[in-house]
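What follows is a set of notes on a single structure, which appears directly below.
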Amino acid sequence: IFYNQQDDVLAVPNFHGDTLELIPMGTTGIGQIDQKKNLNPITYPNPFSDYLHIAYQLNKAGYIEIGLYNLTGQLVQILDQGYRGTGLHTLNWHPAKQGGEYLQPGIYFCNFKAGKEAVTIRMIKVD
């Protein structure tokens, strides 16, 4: 995943990785990357089914944690955690089978924590 700040566009590889999709940042629900904030996450696509692209920009290095929560606030899965340097970080998550059970369709929250900053993005899982 690559962010073009001049055009405010995110280039995301498709599911098979053979082409790039150009996504205007205004369509992600987050808007432009805010250089004043340390943590600038996005998730794509939303709604999602078989895969989810997660990208976040860190302006300061530090410990991060990305957790997926259900509507009742229960932690479903830690998607990423650990020390990360500055810059753009990405991961592709495939929610096929988590802890022996398939992730059910519904509303989920992806919570990003970096230092004292936290951002939550609402996501919808479909069949």
- Item | First in segment 83-108 and closer than 13 Å to Asp50 by Cα and open to solvent by less than 60 Å² (accessible area, probe 1.4 Å), second anywhere and at pLDDT 85 or above and not in a loop (DSSP other than H, G, I, E, B), Cβ under 7 Å, 6 or more apart | Trp93/Leu52; Trp93/Ile54; Trp93/Leu79; Pro95/Leu52; Pro95/Lys125; Gln98/Val76; Gln98/Gln77; Leu103/Lys125
- Message: Whether any residue in segment 56-65 is crowded, with 20+ Cβ neighbours inside 10 Å, of a type in the set (Phe, Trp, Tyr) and in contact with a Pro (Cβ under 9 Å, 6 or more places away or on another chain) is what I want to check.
- Response: yes
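The values are calculated or read from the model by the stated rules, or taken from the named source; none is laboratory data. Keep in mind it's a predicted model, so treat the numbers as computed, not measured. Quick reminder, even Gly has a Cβ in these numbers, built from the backbone with ideal geometry, and neighbours come from all protein chains shown. Accessible surface areas use protein heavy atoms only, side chains included; no ligands, DNA or RNA. Shrake-Rupley method; radii C 1.70, N 1.55, O 1.52, S 1.80 Å.
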